[in-house]
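*Asks:* Let me give you the structure first, and then I'll get to my questions.
The values are calculated or read from the model by the stated rules, or taken from the named source; none is laboratory data. Only a predicted model underlies this, so the values are computations on that prediction, with no experimental measurement involved. Backbone-built Cβ (ideal geometry, glycine too); neighbour counts: all protein chains shown. With ligands, DNA and RNA removed, areas are computed over all heavy atoms of the protein, side chains included. Shrake-Rupley method; radii C 1.70, N 1.55, O 1.52, S 1.80 Å.
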Amino acid sequence: MKPEFIPPAPIMTDRDRPFDGRRRVVIDRVFPEIDGGRFPVKRVEGERMMVEADIFTDGADTIVAELLHRRKGEAEWSAVPMADLGNDRWTASFVVGEPGMYEYTVRAWVDHFETWRKGLQKKLDAGQDVALDLRIGATLVELGAARAADEDAGTLHHYVGLLSVGGSDAAVEAALGEELLAAMRRAPEKAMASLYEKALQLQCDRKLAGFSTWYEFFPRSWSEEPGRHGTFRDCMRLLPRIALMGFDVIYLPPIHPIGLAKRKGKNNALVAGPEDPGSCWAIGSADGGHTSVHPELGTMEEFEAFVRESEMHGISVALDIAFQCSPDHPWVQEHPQWFRWRPDGTVQFAENPPKRYEDILPIDFESADWQNLWIALRDVFLFWIGKGVTVFRVDNPHTKGFAFWEWAIGSIREQHPEAMFLAEAFTRPKLMARLAKGGYTHSYTYFTWRNTKHDLQEYLTELTQTELREYMRPNFWPNTPDILHEELQGGSREKFIIRFVLAATLSSNYGMYGPAYELCENAPYPGKEEYIDSEKYEIRQWDLDRPGNIRSEIAMVNRIRHNNPALQQTNDITFVKIDVSQGQEHDQLIGYVKCSPDGANIILTVVTLDDRNTRGGWLRFPLEKFGLPHTERFTVEDLLSGRTFEWNGEWNYIELDPHRMPAHIFRVNLPS
Ligand SMILES: O=P(O)(O)O[C@H]1O[C@H](CO)[C@@H](O[C@H]2O[C@H](CO)[C@@H](O)[C@H](O)[C@H]2O)[C@H](O)[C@H]1O
């Protein structure tokens with residue numbers, strides 16, 4: 001079988017039907033629609049999908065519009081009546097079902113009966129003669145009877161008789177009665193309905209895609225005997241601890257055999273010592289490639305047992321899939337055509353400029369054998385899905401073909417709509433966006449580098465208030481094994497809590513490189529944004545109970561996230577005004593309100609960006625957002641300290657001492 005890349009085609013549209021000039025309704029500016037319908041919007045199961053469109057016709061005829069939706073592949077549409085918002089803008093919504101692909105579009109038509117009925121009422125109000133109008137109405141009802149089901153057909157024929165008589169009071173009463181209207185609505189005249197010119201697509205992901213809490217660690221470091229390589233069995237003992245802290249995804253860096261050729265040593269040294277385990281991203285050795293496990297971690301059966309044990313703790317295991325090869329990878333011998341050979345018989349090592357990955361060979365996505373290559377790569381995911389893994393973090397996807405990802409993710413999700421893919425693409429915005437459009441469930445972001453109040457507000461506004469919100473799900477990470485941001489280099493415990501609280505409350509999906517973050521590891525490799533003595537190149541021993549750890553703070557905030565639906569979504573966020581004094585914006589205190597979709601849960605988070613000094617300011621709570629007067633009295637309960645405050649009107653004083661707790665997470669109790 002060869003992969004054939006067929007871009008998704010519109011299925012049922014006015015473009016595909018013979019032109020009929022009697023279809024008079026115009027359907028325009030349907031929202032959401034990504035790139036003219038080329039890419040799907042994303043929602044999670046159980047989420048409400050709102051759709052809007054401009055819908056109008058010439059003249060003043062009455063229009064009926066409906067939103068159509070169905071699971072991809074189904075023959076029948078479900079229809080939801082659309083409501084007129086005014087100014088010819090219409091809306092409707094539906095709740096998305098199980099994970100998979102869906103389609104939606106809009107249909108609308110002129111309702112001649114309702115147009116006639118309204119006209120009749122107006123003429124009666126103006127005292128005009130309506131005898132002829134009633135006979136016209138009889139004709140419309142007769143047409144309705146021909147369309148109607150048996151039971152309604154009888155009723156409608158009865159009305160035809162009443163209306164045909166002309167201008168009696170009984171005929172007028174019958175014409176305007178609810179029974180006739182209801183029966184006519186059950187027999188709509190859709191023959192000349194306009195269909196929006198495209199069937200748009202919706203990718204529905206499992207609930208975990210909307211709200212998830214990730215913990216990354218290197219299995220190599222978890223043996224109980226110093227110096228011995230950690231195994232999957234060793235890692236089992238971490239599970240209760242990680243679950244208790246409130247994480248539901250464990251992300252493991254690559255678990256495959258590690259090459260010997262060009263193996264890296266401690267601190268990214270180009271030559272490894274005899275005991276150095278090498279970078280786990282240097283995939284492949286005589287022990288196998290992307291579908292094998294590194295023998296020092298254990299057997300495949302032990303890995304599967306680890307996945308099962310994790311599930312028992314409510315945790316999904318995410319695997320790192322990095323499409324690159326150590327020179328020792330079996331594919332280098334078996335499929336040399338998948339690599340770009342230079343005249344001297346070598347392959348240029350991989351790079352993500354300015355980073356150099358001297359121990360790996362990139363795969364050539366322009367290989368003449370690209371179809372077999374695509375299948376082999378796609379099958380790596382399918383292999384691990386067969387082992388119980390459905391969540392993947394994909395390494396540097398922006399250095400592989402976009403068409404490949406769209407095809408591979410689409411093809412995997414056809415069989416496994418529960419599969420999730422996190423794009424590790426710290427790259428240019430348009431490339432990140434394109435990966436998300438192509439099916440990636442989650443995207444790493446620039447959060448790590450957004451540190452000031454202004455930058456955070458601007459970035460969140462871009463992610464949540466532009467079209468990006470429709471297809472790109474941010475996943476916020478304050479650190480990764482590759483990134484110890486300069487804010488955290490030598491950073492205080494308070495600073496670590498600040499960045500963590502921001503990640504966990506700004507985004508419903510967040511993660512951390514766990515052991516290093518819990519322990520506030522802050523020592524960089526000199527002159528780099530990297531950790532010194534990184535686990536990427538060596539086995540570490542972690543004492544997770546070390547004084548100064550922030551485990552209890554992490555557990556508390558995760559518990560708050562778990563108990564408050566407002567924090568389980570990202571896009572409904574409103575930044576609040578905080579002033580030092582009247583009219584002077586505070587640059588160290590940042591605050592934002594989030595609401596649950598049903599509006600019942602309101603969370604106001606306030607974080608100080610100053611990890612040293614106590615900061616106070618006047619916060620304006622946006623009561624108008626909730627339809628309340630600016631003088632309203634209400635209470636806020638700080639879920640971190642347990643204290644409740646009475647607030648009197650929209651402006652209230654707040655103060656944060658970072659040494660006690662650099663944040664408030666208030667549950668806001670407004671009068672109903
Ligand atoms: O390029 P990124 O900064 O996005 O980092 C990701 O990909 C890197 C290449 O896979 C990976 O780098 C690590 O593995 C390399 C291959 O073994 C090695 O040469 C690098 O020194 C090492 O940092 C990085 O960890 C990953 O997150």
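*Asks:* Only one of R378, R413, R356 is within 12 Å of the ligand (Cβ to nearest atom) and either assigned to a strand (DSSP E or B) or in contact (Cβ under 8 Å) with a residue 60 or more places away in the chain (or both). Can you tell me which?
*Replies:* So the residue among R378, R413, R356 that is within 12 Å of the ligand (Cβ to nearest atom) and either assigned to a strand (DSSP E or B) or in contact (Cβ under 8 Å) with a residue 60 or more places away in the chain (or both) is R356.
*Asks:* Would you check if A131 is small (G, A, S) and over 22 Å from A182 (Cβ atoms)?
*Replies:* yes
*Asks:* Within the stretch 262-279, how many residues are touching a strand residue (DSSP E or B) at 6+ places or on another chain (Cβ under 6 Å) and either near the ligand (Cβ under 10 Å from one of its atoms) or under 18 Å from P219 (Cα atoms) (or both)?
*Replies:* Residues meeting the conditions: 2.
*Asks:* Okay, moving on. With without any contact (Cβ under 8 Å) to a residue 60 or more places away in the chain and of a type in the set (A, V, I, L, M, F, W, C) as the only criterion, which of A193, A243, A187 stands out?
*Replies:* Result of the check over A193, A243, A187: A187.
*Asks:* Of the conditions (1) under 30 Å from F211 (Cβ atoms); (2) in a strand (DSSP E or B), G46 fails just one. Which one is it?
*Replies:* (2)
*Asks:* Which numbered condition in (1) more than 13 Å from the ligand (Cβ to nearest atom); (2) assigned to a helix (DSSP H, G or I); (3) open to solvent by less than 10 Å² (accessible area, probe 1.4 Å) is the only one that T448 fails?
*Replies:* Failing condition for T448: (1).
Okay, residues lined up against (1) of a type in the set (G, A, S); (2) touching a Ser or Thr at 6+ places or on another chain (Cβ under 6 Å); (3) loosely packed, with under 13 Cβ neighbours inside 10 Å:
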site	(1), (2), (3)
A555	yes, no, no
I560	no, no, no
V593	no, yes, no
L604	no, no, no
L619	no, no, no
W647	no, no, no
D657	no, yes, no
M661	no, no, no
L670	no, no, no
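*Asks:* Evaluate the stretch 286-305: report whether one residue or more is out of contact with any helix residue (DSSP H, G or I) (no Cβ under 9 Å at 6 or more places or on another chain), part of a loop (DSSP other than H, G, I, E, B) and open to solvent by 10 Å² or more (accessible area, probe 1.4 Å).
*Replies:* No, the conditions are met nowhere in the stretch 286-305.
*Asks:* Tally up the residues in the stretch 56-103 that are more than 30 Å from K122 (Cα to Cα), open to solvent by 40 Å² or more (accessible area, probe 1.4 Å) and not in a loop (DSSP other than H, G, I, E, B), please.
*Replies:* Matching residues across the stretch 56-103 total 5.
*Asks:* Continuing with the same structure: Among the residues of the stretch 425-437, is any within 16 Å of the ligand (Cβ to nearest atom), in a strand (DSSP E or B) and either open to solvent by 30 Å² or more (accessible area, probe 1.4 Å) or in contact with a Lys or Arg (Cβ under 9 Å, 6 or more places away or on another chain) (or both)?
*Replies:* Looking through the stretch 425-437, none of the residues is within 16 Å of the ligand (Cβ to nearest atom), in a strand (DSSP E or B) and either open to solvent by 30 Å² or more (accessible area, probe 1.4 Å) or in contact with a Lys or Arg (Cβ under 9 Å, 6 or more places away or on another chain) (or both).
*Asks:* Could I ask something else about it? In the set V160, V165, V110, V141, which member is at pLDDT below 95 and either more than 30 Å from K437 (Cβ to Cβ) or open to solvent by 80 Å² or more (accessible area, probe 1.4 Å) (or both)?
*Replies:* Going through V160, V165, V110, V141 in turn, just one is at pLDDT below 95 and either more than 30 Å from K437 (Cβ to Cβ) or open to solvent by 80 Å² or more (accessible area, probe 1.4 Å) (or both): V165.
*Asks:* If you don't mind, there's one more thing I want to ask. What do you reckon, is E406 among the acidic types (D, E) and in a helix (DSSP H, G or I)?
*Replies:* Yes; evaluated as a whole, the condition is true for this residue.
*Asks:* Just a yes or no: is a residue in the stretch 233-252 at pLDDT 95 or above, under 26 Å from A423 (Cβ atoms), assigned to a helix (DSSP H, G or I) and open to solvent by less than 10 Å² (accessible area, probe 1.4 Å)?
*Replies:* yes
*Asks:* Another question, if that's okay. Which of the residues belonging to the stretch 253-276 are touching an Asp or Glu at 6+ places or on another chain (Cβ under 7 Å) and either outside any helix (DSSP H, G or I) or crowded, with 23+ Cβ neighbours inside 10 Å (or both)?
*Replies:* Selection gives P253, P254, P257, G259, L260, A261, K262, R263, K264, G265, L270, D276.
*Asks:* Pull up the stretch 641-668, narrow it to residues that are touching a residue at least 40 places away in the same chain (Cβ under 8 Å) and part of a loop (DSSP other than H, G, I, E, B), then point me to the one that is nearest to the chain's Cα centre (by Cα).
*Replies:* P662
*Asks:* Taking the residues in the stretch 482-508 that are over 18 Å from H442 (Cβ atoms) and within 15 Å of the ligand (Cβ to nearest atom) as candidates, determine which candidate is least open to solvent (accessible area, probe 1.4 Å).
*Replies:* L484
*Asks:* Give me the pairs, please: first residue somewhere in the stretch 78-92 and on the phi < 0 side of the Ramachandran plot and among the aromatic types (F, W, Y), second residue anywhere and open to solvent by less than 30 Å² (accessible area, probe 1.4 Å) and not in a strand (DSSP E or B), beta-carbon distance under 7 Å, and either six or more positions apart or on two chains.
*Replies:* Matching pairs, first to second residue: W90/M82.
*Asks:* Here's another thing I want to ask about it. What residue, among those in the stretch 286-341 that are more than 15 Å from the ligand (Cβ to nearest atom) and among the polar types (S, T, N, Q), is farthest from the chain's Cα centre (by Cα)?
*Replies:* Q333
*Asks:* Take A368 and tell me if it is open to solvent by 20 Å² or more (accessible area, probe 1.4 Å) and part of a loop (DSSP other than H, G, I, E, B).
*Replies:* Yes, satisfied.
*Asks:* How many of the residues in the stretch 509-556 are touching a residue at least 40 places away in the same chain (Cβ under 8 Å), among the aliphatic types (A, V, I, L, M), within 15 Å of the ligand (Cβ to nearest atom) and closer than 28 Å to L460 by Cα?
*Replies:* 1
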